[in-house]
Amino acid sequence: MKPSGRAIAAAVLVGGAAIGTLADRIPERAALRAGEYWVLTGDFHVHAFPGDGALAPWALRFEAARGGLDVIGVTNHNQSLTGRLAEWVSSRGQGPLMLAGQEITNPEYHMIAVGIERAVDAEQPAAGAMGDVHAQGGVAVAAHPSRRFHGYDDDSTKALLDGAELAHADSHRDELFRADIAAFFEKTQRVNPDVAAIGSSDFHAMPPAMGRCRTYLFVRERTKQGVLEAIRSGRTLAVDGNGVPAGNPSLVQLLGAVHPVGRIDPSPAWRRFSMALSWFGAFGLVVFAGRRR
Amino acid sequence: MLRRPVIVALVIGSVVPIMAVQRMTLGLLVASTISFSFVCIIQLAVATALIGFVRSRRVPAPRAIDLWFAGHVPYSAWLLVMAAVIANLPFAALDLLIASAVIPAAWTAVVVAAFCRNVLGTGRAGARWLAFAHIAAIWGLGFELVALSAGGWFQITRSFTQLFT
């Protein structure tokens, strides 16, 4: 019996995915130390499904591991359900730590809240939102604080921040934005010297990849509490897409020769081949969907 | 009856990992197909309601539902093309995605109008109205979902302002 075009297309799609699975090896990450601290790599601005991200938490965790991340914050816009689901998934099994969060989204500001237990009302000034985040034991980070946002203009509001994004994936395509967030960080540091320098990808459903910009954390313990404490104490460095760390010079010095491993792509040729094969399989399914044998 | 809905779900499930992480594994394929199958479930619900409501239908309901999903070809093709393009870009191309969506929307309007005439047995005017209602419903629901997940309608209006300035 001759196989139909549809069956061949389905086989090509599944075959491509199978090749991708076989080529997908995620090496173990070595624990790194710098002085008295463990050095962890984090991305605290990641969106997931269900919501405004493409990947569900269980897939996100593998992607975080491929991205060379030890911890991620799942921060969907104005809801924390997905983040809490991610934290629950993370508590069951090995892999990068996933922390519940929210991108508190207000026309005047966007704020990353990590380590929260329930959603924070976005219909309030930034200072009020930070009060809610802190009351829940979380940390508040100014998200992409460019000139179009005015919610953090007051020095008293800047003083409440635990961190601010100093490296963001968009800064690699927009020089003005890059200058804006650098200027914001400098202004915040003047009134809040311990503000944490944060690097984030703001990953949703398209490139750039998760962890494109990232945060190095100097933690005392490799736990959720250890991560939050490092951010509260400002023991972080923001790392841009070229791997250049920025923030507290003494931490850059402490990092010294320690170079956390970045994104791992052990078989790029096989990855691309499997992706192309799957694409052609899916295309074939569309073409042959209506054909009757 | 479910052959084409399953194919649509598989196409969406393939496109999502290619676009998002430029990688395909069995785990990603299964997870994305299941996650985004809500799109097919909504379409199936709309199709069942519409096909059940129209009495002048010329084919049995299961065949009509199968043909309804044949009308997903424009969006499936568009998704596949966009996935191939976006997977090779260094940055998210939301503006390209939104602007290019006009093509499958217009193509789908033609397909839906033909479906209404040939399958549901409506007249030309009725088919045009139903096609218009379909576009309004799909885009309205789509934007509502995006607004809901992006934090509010102000995010949409801001994106459009940036797109056109």
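The values are calculated or read from the model by the stated rules, or taken from the named source; none is laboratory data. Fair warning: this is a prediction, and the values are worked out from it, not measured in the lab. In this analysis, Cβ positions are derived from the backbone assuming ideal geometry, glycine residues included, and neighbour counts consider all displayed protein chains. Ligands, DNA and RNA are excluded from the accessible area calculation, which covers all protein heavy atoms including side chains. Shrake-Rupley method; radii C 1.70, N 1.55, O 1.52, S 1.80 Å.
In peptide A:209-221, how many Cβ atoms from other protein chains are near each Cβ within 10 Å, on average? If you can, show how the numbers build up before the last one.
Details: counts 5, 2, 0, 2, 0, 0, 0, 0, 0, 0, 0, 0, 0.
The mean count of partner-chain Cβ atoms within 10 Å per residue comes to 1.
Take peptides B:20-30, A:90-100, A:69-79 and line them up by average Cβ neighbours within 10 Å, highest first, as a rough protection proxy.
Numbers: B:20-30: 22.9, A:90-100: 17.9, A:69-79: 27.5.
Output ranking for B:20-30, A:90-100, A:69-79: A:69-79, B:20-30, A:90-100.
Give me the inter-chain shielding for A:52-64: mean count of other chain Cβ atoms within 10 Å, whole number please. Don't jump to the answer; show the numbers that get you there.
Numbers: counts 7, 2, 10, 8, 6, 1, 3, 11, 3, 0, 6, 5, 0.
Taking the mean over all residues of the peptide, I get 5.
Could you pull the Cα extents of the range A:105-199 along its three principal axes, largest to smallest, in whole Å?
Principal-axis extents of the range A:105-199 (Cα, largest first): 35, 24, 21 Å.
Roughly what angle does helix A:57-66 make with the longest principal axis of chain A, taking Cα atoms, 0 to 90 degrees, to the nearest 10?
Value to nearest ten degrees: 80.
Kindly report the accessible area of the range A:148-285 per residue (heavy atoms of protein chains, probe 1.4 Å, no ligands, DNA or RNA), in Å². Mind showing how you got there, number by number?
On the way: 6070 Å² over 138 residues.
Accessible area per residue, the range A:148-285: 44 Å².
In whole Hz, what ³J(HN,Hα) sequence does the range A:73-78 give by Karplus (6.51, -1.76, 1.60; θ = phi - 60°), x for Gly and Pro?
Here the 3J(HN,Hα) series is x, 8, 10, 6, 5, 6 Hz.
Once fully extended, how much extra length lies between A:Glu117 and A:Val261, figured as 0.36 nm per residue of separation less the alpha-carbon to alpha-carbon distance? Each step should come with its number before you reach the end.
On the way: separation 144, 0.36 × 144 = 51.84 nm, distance 3.10 nm.
Stretched out fully, the A:Glu117 to A:Val261 stretch lengthens by 48.7 nm.
Run through the range A:13-66 and list the trypsin sites (Lys or Arg not before Pro) located in a DSSP loop whose Cβ has at most 10 other Cβ atoms within 10 Å.
Those satisfying the criteria are A:Arg25.
To the nearest 0.05, what FRET efficiency results for B:Ala133 and A:Ala269 with a Förster distance of 56 Å applied to their C-beta separation? Kindly include the intermediate steps, with their values, before the conclusion.
Details: r = 48 Å, r/R0 = 0.86.
About 0.70, to the nearest 0.05.
Report ³J(HN,Hα) in whole Hz for each residue of the range A:262-275, in order, from the Karplus equation J = 6.51 cos²θ - 1.76 cosθ + 1.60 where θ = phi - 60°; Gly and Pro get x.
Computed from phi, the couplings for the range A:262-275 are x, 4, 10, 9, x, 9, x, 5, 5, 4, 5, 5, 5, 5 Hz.
Based only on Cα atoms, what mean projected area does the convex hull of the range A:43-174 have, in nm²?
Working: hull surface 31.4 nm².
Projected area, direction-averaged: 7.9 nm².
Over all directions, average the projected area of the Cα convex hull of the range B:17-132 and note it in nm².
Details: hull surface 32.1 nm².
Spelled out: convex hull of the Cα atoms, projected over all directions, averaged, 8.0 nm².
What total accessible area, in Å², is buried where chains A and B meet, using a 1.4 Å probe and rounding to the nearest 100? Walk me through the intermediate numbers first.
Working: alone 14270 and 9990 Å², together 20300 Å².
It comes to approximately 4000 Å² buried between A and B.
Once every Cα of the range B:108-165 carries one equal point scatterer and solvent is ignored, give the base-10 log of I(q)/I(0) from the Debye formula at q = 0.17 Å⁻¹, two decimals.
So the normalised log intensities are -0.64.
Just grab the label-to-label distance for B:Ile34 and A:Val252, each label 7 Å out from Cα along the Cβ direction, in nm (one decimal).
4.6
Using amide H atoms built 1.01 Å from N in the peptide plane, name the residues 5+ places from A:Gly73, or on other chains, whose amide H lies under 5 Å from its own.
A:Asp43, A:Phe44, A:His45, A:Val46, A:Leu99
Let me check the size of the protein assembly as shown from its C-alpha atoms; what are the radius of gyration and Dmax in Å?
Reported Rg and Dmax, both Å: 23.8, 78.
What average number of partner chain Cβ atoms lie no more than 10 Å from the Cβ of the residues making up B:6-16?
Numbers: counts 3, 9, 3, 0, 9, 7, 1, 4, 10, 4, 5.
Neighbouring Cβ atoms belonging to other protein chains average 5 per residue here.
I'd like the accessible area for A:Tyr37, computed on protein heavy atoms only with a 1.4 Å probe and all protein chains in place. Round to 10 Å², please.
Estimated to the nearest 10 Å², A:Tyr37 gives 30 Å².
Go ahead and run the numbers for FRET between B:Ala49 and B:Thr161, Cβ-Cβ distance against an R0 of 30 Å, rounding to 0.05.
On the way: r = 36 Å, r/R0 = 1.19.
The formula returns an efficiency of 0.25 here.
So which trypsin sites (Lys or Arg not before Pro) in the range A:161-261 end up in coil per DSSP with only 16 or fewer other C-beta atoms within 10 Å? Could the numbers behind the result be given before it?
Working: sites: A:Arg173, A:Arg178, A:Lys187, A:Arg190, A:Arg212, A:Arg214, A:Arg220, A:Arg222, A:Lys224, A:Arg232, A:Arg235; in loops: A:Arg173, A:Arg212, A:Arg220, A:Arg222, A:Arg235.
Filter output for the range A:161-261: A:Arg173, A:Arg220, A:Arg222.
Taking amide H positions as placed in the peptide plane 1.01 Å from N, state which residues far from A:Ala167 in sequence (5 or more) or on other chains have amide H under 5 Å from it.
Under 5 Å from the amide H of A:Ala167 lie the amide H atoms of A:Ile198, A:Gly199, A:Ser200, each far enough along the sequence or on another chain.
Which positions within the range A:164-193 get 20 Å² or more of their accessible surface covered by the other protein chains, compared to the chain by itself, with a 1.4 angstrom probe?
A:Arg173
Through the Karplus equation 6.51 cos²θ - 1.76 cosθ + 1.60, θ set to phi - 60°, convert the phi angles of the range A:119-125 into ³J(HN,Hα) values in whole Hz; use x for Gly and Pro.
Result, rounded to whole Hz: 5, 9, 5, 8, 8, 8, x.
Quote to one decimal, in nm, the extra length available between A:Arg92 and A:Ala30 on full extension: 0.36 nm per residue of separation minus the C-alpha distance between them.
Working: separation 62, 0.36 × 62 = 22.32 nm, distance 2.10 nm.
Extending this stretch completely gives an extra 20.2 nm.
Under a no-solvent Debye model with one identical scatterer per Cα of the range A:91-149, what's log10 I(q)/I(0) at q = 0.21, 0.24 Å⁻¹?
Taken in order of the listed q values, log10 I(q)/I(0) reads -0.75, -0.90.
Restricting to DSSP loop positions (anything but H, G, I, E, B) with no more than 12 other Cβ atoms inside 10 Å of their own Cβ, which GluC sites (Glu not before Pro) remain in the range A:181-260? Please report the intermediate quantities before stating the final value.
Values: sites: A:Glu186, A:Glu221, A:Glu229; in loops: A:Glu221.
Here the GluC sites (Glu not before Pro) that fit, given the DSSP loop and packing criteria, are A:Glu221.
Across the range A:9-75, what fraction of all alpha-carbon pairs, as a whole percent, falls in each successive 10 Å bin from zero upward?
Calculated over all Cα pairs of the range A:9-75, the distribution is 17, 35, 32, 13, 3, 1 percent.
To the nearest 0.05, how large is the calculated FRET efficiency for A:Phe288 and B:Ser56 if R₀ is 25 Å and r is the Cβ-Cβ distance? Each step should come with its number before you reach the end.
On the way: r = 31 Å, r/R0 = 1.24.
Efficiency for this residue pair is about 0.20.
Straight-line reach only, C-alpha to C-alpha below 15 angstrom: list the aspartates and glutamates that A:Lys187 could link to, leaving out same-chain residues fewer than 8 apart.
A:Asp153, A:Asp154, A:Asp155, A:Asp162, A:Glu165
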